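Everything on this sheet refers to the single structure shown next.
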Amino acid sequence: MNFHKYFLSLEKRFIELSGFVYIHPDNDAVYSTEIALLYLTVCSEFEVVSKALCKAIDSSQNDLNIHNIRAVINGQMLTRSFFDEGVAVSGYDYPTVFPFIEWTDQISPTWWKSYNKVKHDRFARFPEANLRNLLYAFAALHVANFYLNWHPRIQFGHRRHGTFQLDPPPAMFRIHNVDYEGPWFSNELEGL
């Protein structure tokens, strides 16, 4: 499974959605069936990719949940901090999204808590499947994908040392201080 290509297919659906709901903080609370569908899918994919990242860090990891996912990633001591990453939503007047800023050993991110509420009680919690939570989930998924597939200290599947390229790069979601143009070489990524 190519996680990046799956991300791009989800991002394409989000771009289509942006033709109907303008991506702006004024619309953070907007919710709909399409937003809920994307939100549940993106959050589920974040969990899948995060578990794959944890297995790439430590192959002995099993039975992972959101709390021990954080512990495994945090224990990797990556030069660039996974939990501090900011993601821009290109083409829109939306502030930088920091999807993990409130994630601690005891507290899950708000967007993740809302995902679980919507997943287990969609009727009562449907409004929590909103634009803001979807944006944060997309940002989190992009960061997890980036670290799994392109961080030089993570060895995963198809990737080999040498040249890496986001091909094609995401259209909307961009991690700050990552150059998305052209090939990268592992020594260029060492500062990450």
Notebook entry, point to check: At what distance in nm do the modelled label points of Thr110 and Asn2 sit from each other, each positioned 7 Å from its Cα along Cα→Cβ?
Noted result: 3.6 nm
Next item on the list: Express in whole angstrom the spacing between the alpha-carbon centres of segment 1-74 and segment 80-127.
Entry: 10 Å
Item checked: Highest to lowest packing among 12-24, 36-48, scored as the average C-beta count within 10 Å -> 36-48, 12-24
Margin query: Just to verify a number: FRET efficiency for Asp179 and Gln61, C-beta to C-beta distance, R0 = 45 Å, to 0.05?
Written below: 0.90
Item checked: Residues in segment 24-59 that a label on Phe123 would reach, taking backbone N under 18 Å of a point 7 Å out along Cα→Cβ -> 33
Notebook entry, point to check: So for the pair Asp28, Asp93, with labels modelled 7 Å out along Cα→Cβ, what separation do we get in nm?
Noted result: 1.6 nm
Check: In straight Cα distance, which aspartates and glutamates are under 13 Å from Lys117, not counting same-chain residues fewer than 8 positions off?
Finding: Glu128
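Where a number appears in this text, it was derived from the coordinates with a stated rule and is not lab data. Just so it is clear, the model here is predicted, and its values are computed rather than measured. Glycine also receives a Cβ, built like all others from the backbone with ideal geometry; neighbour counts cover every protein chain displayed.
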